[in-house]
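Computed from the coordinates by the stated procedures, all read-outs in this text should not be read as laboratory data. Everything numeric here is computed off the predicted structure, so don't read it as measured data. Please note: Cβ atoms are built from the backbone with ideal geometry, for glycine as well, and neighbour counts cover all protein chains shown.
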Amino acid sequence: MAAFVSGSVSSSWNSNVSKSAVCKRERAAVLMVFGSDTVATAKKCTVRVEEGNKTREIQVDAGKNLRRALLDAKVDLYTLGGKFRNCGGNGACGTCVVEVLENPYGGVTPMTTKETFLLTGKPNTWRLACRAEVTSDLAIRTKPKQN
Ligand code: FES
């Protein structure tokens, strides 16, 4: 005998994000089968990553830190200098910068004051990956260059 129960699991990401910008929702489901483990799935977002001439897509749990997601997917996030002097995701060095190509105002959490300070004079589509959490599908470019 088995029972199936499904429903939403509350998420930690910004509730101000418009519902239309929310990525495909994989409804969190809890499968309860008598005599086996409980399984839960999280909402997934697609992040298209442009790294130089290469483009690929990675699947990221909503609410996950963008820097952590990129590093987990083995994305070459940092320039050579950034590889040696990055702050490890503490929002202090500015080396984890990415350009958000699509959905810049809905795909990630809003900029923090510290991030705004570090990116002074840069295009408003640039973000520090370590200060941003993924909230919906988006596209980014690593190591952006200012025109
Ligand atoms: S890793 Fe240093 S600011 Fe993001």
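General remarks:
- Computed label-point distance, nm, for sites Ala73 and Asn90 using a 7 Å Cα→Cβ extension: 2.7
- Lysine pair count for the stretch 44-142 [Cα-Cα under 20 Å; pairs on different chains or 8 or more apart]: 8
- For Lys145, the aspartates and glutamates whose Cα comes closer than 14 Å to its Cα, not counting residues fewer than 8 places off in the same chain, are Glu50, Glu51, Glu99.
- On the basis of the beta-carbon distance and an R0 of 30 Å, Lys145 and Thr112 show a calculated FRET efficiency of 0.80.
- Local electrostatic count at Leu128 - Lys and Arg +1, Asp and Glu -1, tallied over other residues with Cβ under 11 Å: +4
- Once the Cα gyration tensor of the stretch 108-147 is diagonalised, semi-axes √(5λ) in Å: 16, 14, 7
- Electrostatic tally near Asn90: other residues with Cβ closer than 11 Å to its Cβ, Lys and Arg +1, Asp and Glu -1, net +3.
- Within the shell defined by Cβ-Cβ distances under 10 Å, the residues around Ile140 carry a net charge of -1, with Lys and Arg each +1 and Asp and Glu each -1.
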